[in-house]
Structure formats: structure tokens, C-alpha cells
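Beneath this line is the structure, given in C-alpha cells, with notes to follow.
The values are calculated or read from the model by the stated rules, or taken from the named source; none is laboratory data. Just so we're clear, the structure is a prediction, and the values are computed from it rather than from any experiment. Ideal geometry is used to build each Cβ from the backbone, glycine not excepted, and the neighbour counts take in all protein chains shown.
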Amino acid sequence: MAGLPGVSKEAIKEYQDKGDRLIARMNDVLGERAKKEQLTGVQPLEILFDNHKNHHKYLSYALELETEEGITNMVKWVFDSYVSRGFKKRYFKIALNYWKRFIEEELSEHAAQEIIPYYDLMLDVVKEQDGTVDPSPVQLVYVNAPPYEQVKKKLYHLLLDGEYKKCTALTEECLKSSCELKAFYFEVIRPVMVQIGLDWENGVIAFYQEHLATSIIMRLMTDIYMKYHDQITRRKGKIAFLTPPEEQHQLGLTMLMDLLEFDGWEVLDLKQKAATPDTIRQVVEFKPHIIALSVTMVYHLPKAEQVIQRFRDNEATKDVKILIGGYAATVMGTSKGFIDADLWMDAQKDPIEFINEWWDQHEMG
């Protein structure tokens with residue numbers, strides 16, 4: 001890792017053990033300042049407190065990964081997301097400096113010296129972000145980009161208006177005429193939903209609109225699945241999908257699982273299920289060729305590690321290939337060498353092609 005020193009296990013453990021104390025002090029001080037200086041805009045203090053808790057949870061893991069790129073990307077995302085919701089830009093400088101102060105006061109001198117450089121990195125990123133233009137309404141960059149621009153524009157507006165029946169009619173028309181199922185999922189639905197997510201982050205649309213759009217898309221995908229399910233021919237392998245129970249981002253993974261089924265894979269859906277003995281037993285009985293874990297938030301990676309270890313320790317699944325994907329694993333700069341997976345989803349590659357390429361190699365022996 002360029003520029004920053006490694007952090008010892010002892011320092012990380014001390015930081016983790018003092019988490020409740022650090023978070024409590026952050027909440028006490030920033031809670032008062034937020035009320036006096038309106039640091040959170042119109043957002044309730046609970047959002048502020050959640051940010052402090054998630055910050056500590058994230059950094060506790062990021063320090064183990066020693067990933068400067070991952071920390072930089074996360075800070076930029078958090079900054080833009082919270083500012084777009086009304087947080088004052090100065091909050092982030094204030095908060096990070098308080099983190100530094102409380103770390104120096106609560107942790108041993110040695111541990112603080114190892115961890116503080118990472119807070120200096122975050123402050124540098126915040127200073128850089130502070131000079132950028134405030135988030136403004138985006139110009140539908142994902143919707144207007146080719147291909148299928150007209151279909152995406154129609155779907156985008158119908159979703160925001162809650163027009164489920166018209167969305168259904170548009171979907172049927174598209175699939176009958178100009179768009180294959182895979183293209184409709186990845187080149188129509190996905191960019192439209194990315195656009196809607198960005199619009200919500202930037203305050204262009206309301207939360208209820210984002211929620212309504214997601215609900216309609218899930219209904220559409222269920223309709224499509226039921227319509228085409230009888231045409232599925234099982235000619236490839238078996239793949240089991242799991243996520244940490246706390247993961248809330250399921251739409252993209254559901255799309256991938258549906259498309260893999262349509263492509264000939266047999267899929268076991270265990271999203272948001274803890275790796276209990278019953279879950280492990282389901283996987284064992286399923287006899288998959290691949291066990292896939294999808295992780296969106298970096299601080300859920302430790303739970304993914306625990307799940308992987310349980311499969312490694314099980315005689316029936318110890319040799320099954322483990323695939324890891326999701327935003328935390330593929331985009332945030334997470335170190336591949338840190339987690340015991342066999343396959344890492346390539347963020348730049350079609351996931352269907354990625355998995356099918358492995359299957360072809362597997363079949364050739």
C-alpha cells in the first residue's frame with residue numbers, strides 16, 4: 001500500500017474494543033453541535049448517529065485490509081451521498097477531527113499513531129471533495145446513453161409515476177420486438193435503476209419514488225420469471241447464492257440469478273440467510289459446483305469470511321469453488337489476498353460470461 005503504514009493487529013483490536021466509547025463520545029459532541037449549527041440540515045440526528053456507528057464498523061475492517069483505494073472511494077461516496085441529503089460539508093471535517101482527538105485520548109499512544117494516518121487520508125479526501133461543485137440534478141446520463149435510449153426513458157418515467165401496468169406492457173413489447181431477455185435486464189433495467197438510485201442520492205427524486213420503482217421492477221422480474229420458467233433447460237452446473245443477512249441491496253443479484261437459470265444453471269437462492277446449520281445443510285444437499293457470496297458493504301466482509309470458513313470446514317463442501325462478488329469485493333479496492341475465495345467477480349466483465357467461462361474450463365477438465 002503506497003504512502004500509508006500497516007496497522008498492527010493489536011492496534012486494530014484496541015480500536016475495535018474501544019468502539020462503543022468512541023461512538024458514544026462522537027454522538028455526544030456532534031449531536032450537540034449538529035443541533036446548534038444545523039450540521040445535518042433537515043435530517044434527524046439518528047442519521048448522524050448511524051453514520052458514526054457505520055464509520056467505526058467500516059474502518060475496523062478497512063484497517064485490516066490496508067486498502068487506500070477502498071477508503072478513498074468510500075469517503076467520496078459517503079461525502080457525496082450525505083451532502084446531497086442536506087448534511088453540511090463542514091460536518092465531515094469536524095467529525096474526522098473529533099475522531100482523531102478521541103482516538104488519541106482513548107487509545108494507547110502506539111495504537112493511535114498507527115491509525116491516525118488513515119484519518120489524515122480521509123481528511124485529505126474530504127478537503128478535495130469540499131472543492132467540488134455541490135451535487136446537482138443529474139442529466140439522466142445512464143438513461144440517455146445507448147442502447148435502447150427510448151425504452152429506458154419510457155421505463156424511467158413510468159417507474160417514477162408508479163405505472164406498473166404500463167411498465168408491464170412496455171416490457172412485453174420490448175421483449176417481443178427488439179430486445180433479448182439478457183439485454184433487457186442488463187442494458188435497460190440495470191441502467192434505469194442505477195439512474196434512479198443516483199437521482200435519489202442527489203435529492204432529485206423522493207425516497208418513496210425510489211422505493212416504488214424498486215418494488216415495480218421486482219414485480220416485473222417475477223412476472224418474467226414465471227412466464228419463461230417452463231422454457232428453462234438444465235444443461236449446466238449448480239450454483240448457490242448467499243449474502244450476509246444484513247445486506248439490503250438485492251435487485252442486481254436477483255437479476256443475475258434469474259438470468260443464470262434462463263441460461264441453463266440450477267440456482268439455489270439463500271439471500272439474506274445466516275450460515276446456520278440448516279443453511280449449510282441446504283447447500284450440502286444441493287451439491288453445488290459454485291458457492292457464490294455477494295457483499296455490498298465492506299463491513300460485511302468479515303461475515304462473508306466466516307461463511308466461507310464454515311464451508312471450508314465442512315467435509316462435503318470443502319472442495320467446492322467459492323466465488324465472491326458485489327460492490328465491496330469488486331469495486332471498493334478490497335484486497336483479494338485477504339479473503340479465502342477461489343473466484344473473484346470481475347467488475348468490468350459480464351457476470352454471466354464470467355461464470356460460464358469457468359464452467360467451460362471445468363467441463364474440459
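Observations
- Out of GLY203, GLY197, sole residue that is out of contact with any Asp or Glu (no Cβ under 6 Å at 6 or more places or on another chain), at pLDDT below 90 and either closer than 30 Å to VAL320 by Cα or not in a helix (DSSP H, G or I) (or both): GLY203
- The selection criterion, being in a helix (DSSP H, G or I) and either closer than 25 Å to HIS300 by Cβ or acidic (Asp, Glu) (or both), does not hold for HIS110.
- Test for LEU30: is it assigned by TED's automatic domain parsing to the domain that holds LEU107, touching a Leu at 6+ places or on another chain (Cβ under 8 Å) and crowded, with 19+ Cβ neighbours inside 10 Å: yes
- Close pairs from the stretch 135-153: first closer than 13 Å to ARG190 by Cβ, partner among the aromatic types (Phe, Trp, Tyr) and at pLDDT 85 or above, Cβ under 8 Å, at least 6 apart: VAL143/TYR156
- Residues that are over 16 Å from the mean Cα position of the chain (by Cα), surrounded by fewer than 20 Cβ atoms within 10 Å (Cβ to Cβ) and free of Cβ contacts under 8 Å to residues at least 40 places away in the same chain occur at least once in the stretch 285-298.
- Among the numbered conditions (1) within 25 Å of the chain's Cα centre (by Cα); (2) part of a loop (DSSP other than H, G, I, E, B), the only one that GLY264 does not meet is (1).
- Apart from one condition, ILE352 fits all of (1) free of Cβ contacts under 8 Å to residues at least 60 places away in the same chain; (2) among the aliphatic types (A, V, I, L, M); (3) under 27 Å from GLY264 (Cα atoms); the exception is (1).
- Checked against (1) over 18 Å from GLN129 (Cα atoms); (2) in a helix (DSSP H, G or I); (3) among the small types (Gly, Ala, Ser), GLY70 passes all but a single condition, namely (1).
- Single condition TRP77 does not satisfy, out of (1) surrounded by fewer than 21 Cβ atoms within 10 Å (Cβ to Cβ); (2) in contact (Cβ under 8 Å) with a residue 24 or more places away in the chain; (3) closer than 18 Å to MET122 by Cβ: (2)
- The stretch 34-48 - residue that is over 26 Å from the mean Cα position of the chain (by Cα) and outside any loop (DSSP other than H, G, I, E, B) and, of those, surrounded by the most Cβ atoms within 10 Å (Cβ to Cβ): ALA34
- Filter pass, VAL138 being part of a loop (DSSP other than H, G, I, E, B), at pLDDT below 95 and among the hydrophobic types (A, V, I, L, M, F, W, C): yes
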